[in-house]
Amino acid sequence: MKNTTAVVGVAVCLLAFNVDARDWFVKAGSDGDGSLAKPFGDPWQALDQCQAGDVIHVAAGKYTGRLGNGMWEAPVENLTLLGGYDADFKTRDPWKNLTQLHWDKASKNRPKQDRFLSNKKGTVLDGFVIDQRDQCPYETEAQLGR
């Protein structure tokens, strides 16, 4: 009985590790590690690294996703993505600092789903502009104002 209790106790200690939420940073044109000093260049890079509870801060700019496909997906629960930051991540104003999720028309990878997809609990997507006029062209001048 003592041996079984000791083995279970050690197993619980090995499995019970504390994972703290992390902040990731993204700025168009960057090529970094996702830190504030060296942001990623596109949100997909942060989405590849994130864990539940993380926050992804995205500066103003146009983002086209992995391979220019214009699609992003939340891979974990309780994930927050905040757009609308200035280039230094000092202020956040989504109306002034437009953070746009686009499809790259020059890409051979046409979007096959919504721009941002999440079936995970607790996903927050705030401060982003998602306009599909690059994918769904308007045919008349009257429709351009929609």
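Table for the structure above
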item: For the stretch 42-51, 3J(HN,Hα) per residue [Karplus equation, 6.51 cos²θ - 1.76 cosθ + 1.60, θ = phi - 60°, Hz, x = Gly/Pro]; result: 8, x, 4, 5, 5, 5, 6, 9, 5, 10
item: Amide hydrogen neighbours beyond the local backbone of residue 83, cut-off 5 Å, H modeled; result: 58, 126, 127, 128
item: For the stretch 54-103, the Rg and Dmax computed from alpha carbons only, in angstrom; result: 11.5, 30
item: Accessible area (Å², per residue) of the stretch 61-117, counting only protein heavy atoms and a probe of 1.4 Å; result: 59 Å²
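The values are calculated or read from the model by the stated rules, or taken from the named source; none is laboratory data. Quantities reported herein were computed from a predicted structural model and do not represent experimental measurements. Note: areas computed on protein heavy atoms with side chains; ligands, DNA, RNA excluded. Shrake-Rupley method; radii C 1.70, N 1.55, O 1.52, S 1.80 Å.
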